[in-house]
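Worksheet: the structure to be examined is printed underneath.
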Amino acid sequence: MLLLCDVGNTTTVVGLWDGKAVLQRWRISTDRERTADESRLLLRAMLAEHQVVADGGALSSVVPPRTIAWKEAISAVVDGPVVVVGPGVKTGLSLQVDNPREVGADRVVNAIGATSLLGAPVVVVDFGTATTVDLVGPDGSYRGGAIAPGLEVSADALVTHTAALRRVELVLPRSPVGRSTVEAIQSGLIYGYAGLVDGLVTRFLGVLGSACPVVATGGLAEVLREHIVTITHLELDLTLLGLAVVYERNQPERAGTGS
C-alpha cells in the first residue's frame with residue numbers, strides 16, 4: 001500500500017494506492033502554518049481509519065515551504081521509502097521546454113498519469129487554484145502548456161475588486177443569459193471557463209495537428225466537465241496515479257529504466 005500526497009496551493013490531496021487503483025482519497029486544506037507533527041498526526045488518523053500500513057510514499061508539492069514538512073510527516077508514518085518529485089528523481093518524462101525546473105511537480109505527475117492511462121499524445125486539463133492545460137506529444141515528451149487563473153481565484157477577484165458584486169455558489173444558472181446578478185456571475189464564471197478551456201484545447205490540437213484524448217482532473221473538474229465539449233475523459237485521481245507511477249520508477253528493480 002502506498003501513501004500518496006499532492007500539496008497544492010489551496011488543497012492537499014492524500015490517497016491510498018493498492019497497486020492498481022486509489023482506494024481512498026482525502027482533500028484537506030493546505031495550511032502553510034501546519035507543522036510536520038500536525039501533518040503526521042493527520043496522516044496517522046487517515047491510515048488508522050482504514051487499518052492499513054503503508055510500505056512506501058510519494059509526494060508532489062508546488063508549495064516549497066511545505067515540502068520538507070510533508071516529507072518528514074510521510075516518512076514518519078510509512079514503512080518504506082518516500083519519493084519526492086523534483087530534480088534528480090526518475091520520472092521517465094522528457095521535458096521539452098525552455099526551463100524544465102519551472103514546470104510544477106503537479107503538472108509533471110499529471111502528464112505521467114495521463115500517458116500511463118491514455119497513452120500519447122494527450123492533453124491534460126487541471127482545474128485547481130490555477131487552471132492548467134498541458135500537452136504531451138506523440139513521442140511521450142512534455143511539450144508545455146498554458147496557465148490561467150483558476151475558477152475560484154477569478155470568483156474571488158471579481159468580488160474583491162467590485163463594490164456591488166458578491167460571492168456566489170459555483171453552480172449552473174438556469175440559462176447562460178442570467179436573469180439576476182447572481183445568475184449573471186454564475187454564467188460568466190462557468191460558461192466563461194468552459195469557453196476558455198475549449199479555446200485553449202482547440203489551439204493545442206491545432207499545434208499538434210491531430211485529435212487526441214483530453215483528460216480533465218482537479219477539484220472543480222466535475223463542475224465544469226459536462227460543459228466543455230473538447231474534454232473526452234474525467235479522472236479525478238490523475239495526479240495520484242502519476243505519483244504511483246513515479247514511485248515505481250524509482251524503486252531499485254527499475255533503476256535501469258526511465259530518464
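Values quoted throughout were computed directly from the atomic coordinates according to the rules given, and no laboratory measurement underlies them. This one's a predicted model, so the numbers in the text were calculated from it and none came from an experiment. Here Cβ is always computed from backbone atoms with ideal geometry, including for glycine, and neighbour counts include all displayed protein chains.
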Inter-label distance, nm, simple model (7 Å from Cα along the C-beta direction), Leu41/Glu102:
4.1 nm
Starting at the first residue of region 21-27, write each ³J(HN,Hα) from the Karplus equation 6.51 cos²θ - 1.76 cosθ + 1.60 with θ = phi - 60°, in whole Hz, x for Gly and Pro.
7, 7, 7, 8, 10, 10, 10
Dipole magnitude of region 2-84, debye to nearest 20 (Cβ charges: Lys/Arg +1, Asp/Glu -1, about Cα centre)
200 debye
Working out 0.36 nm times the residue gap between Ala157 and Ser180, then minus their Cα-Cα distance, what length gain in nm do you get to one decimal?
6.3 nm
How long is the gain from Arg203 to Arg25 if the chain were fully straight, where each residue apart is worth 0.36 nm and the alpha carbon distance is subtracted?
60.8 nm
Roughly how many whole Å is it from the C-alpha centroid of region 30-85 to that of region 188-246?
28 Å
With -39,500 (n - 2.57) per DSSP H segment of 4 or more residues and division by the full residue count of the chain, the 222 nm estimate, nearest 500 deg cm²/dmol, is -12000 deg cm²/dmol
Among Gly188, Thr30, Cys212 the positive-end extreme of the charge dipole of the chain (Cβ point charges):
Gly188
In nanometres, the difference between 0.36 nm per residue of separation and the alpha-carbon distance of Asp18 and Gln251 is 82.3 nm
Do any GluC sites (Glu not before Pro) in region 28-117 lie in a DSSP loop with no more than 11 other beta carbon atoms within 10 Å, and if so, which?
Glu33
Give me the one-decimal nm value for the distance between modelled label points at Ser116 and Val63, 7 Å along each residue's Cα-to-Cβ direction.
2.4 nm
If a/c stays under 1.5 just call it rounded; otherwise compare a/b with b/c (prolate if a/b is bigger, oblate if not). Do that for the chain, with a ≥ b ≥ c from the square roots of the Cα gyration tensor eigenvalues.
oblate
Compare Gln51, Gln24, Gln186 in a GNM of the chain, Cα atoms joined below 10 Å, and give the one with the largest fluctuation.
Gln51
